[in-house]
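A short worksheet on the structure shown next.
Every number in this text was worked out from the coordinates using simple rules, so none of it is lab data. For clarity, every value in this text was computed on a predicted model and none was experimentally measured. When we count neighbours, we look across all protein chains shown, and the Cβ atoms used for this are built from the backbone with ideal geometry, even at glycine.
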């Protein structure tokens, strides 16, 4: 059954209508976190497969995690916890990776703790505005994963401002992965222009997620020589079957000349 049909058959488990409407719904197989839009529709932010909660269920999440093909991070930062899909996935891939999630909404954190951490994995969740946290922390993390454009939560201009805080922390050996859920061509080009200005030590590869509006952009250190790493398969924590499948996905990326 397609995921959209599962969502249509869901039953409401939790609802909070304080500052913004946040809900948790589920059926026999899935549980998901949703935000209400101004027009009354809802945006599904995260979906968890209950019998395998570590699995990535939305295509853009796989696109965001593709650097794991050639990268064994020690520590990473996720800007925006949501339903914790990345937290659960990384915890399952390798216990050697420490991931910190920065989340500005305490209700989202409460929902994650109550509904989206069924295995009681040890997690590092920080309640803070991402831009404030980036400004206050100069630790050299290996990998920053970011949903830059958050619809009603912040405008695109603020998203670009957030990106500028991130790039201030980027070092030559730092990886950056960015998800744009619903950006137009001008916004994407603006973001690529900003990244090119600070990417002399990096390569830019981006992906159009099939059948979705998402565009995922990766800033990859040039010194990694990703082609050689993927060919040798000596820089990945991914299991063999996942590595083989994702290797094909990576070939669909478009490179940006810097």
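One table, with the values for the structure above:
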| item | result |
| --- | --- |
| Residue within the range 38-57 that is out of contact with any strand residue (DSSP E or B) (no Cβ under 7 Å at 6 or more places or on another chain), surrounded by 18 or more Cβ atoms within 10 Å (Cβ to Cβ) and in a helix (DSSP H, G or I) present | no |
| Test for residue 206: is it without any contact (Cβ under 8 Å) to a residue 60 or more places away in the chain, closer than 15 Å to residue 63 by Cα and within 16 Å of the chain's Cα centre (by Cα) | yes |
| Options 140, 113; residue that is out of contact with any helix residue (DSSP H, G or I) (no Cβ under 6 Å at 6 or more places or on another chain) and outside any loop (DSSP other than H, G, I, E, B) | 113 |
| Conditions (1) more than 20 Å from the chain's Cα centre (by Cα); (2) crowded, with 17+ Cβ neighbours inside 10 Å: number failed by residue 35 | (1) |
| Selection count, the range 218-238, where residues are closer than 18 Å to residue 171 by Cβ and without any contact (Cβ under 8 Å) to a residue 60 or more places away in the chain | 5 |
| Residue that is crowded, with 21+ Cβ neighbours inside 10 Å and over 14 Å from the mean Cα position of the chain (by Cα), where the choices are 108, 125 | 108 |
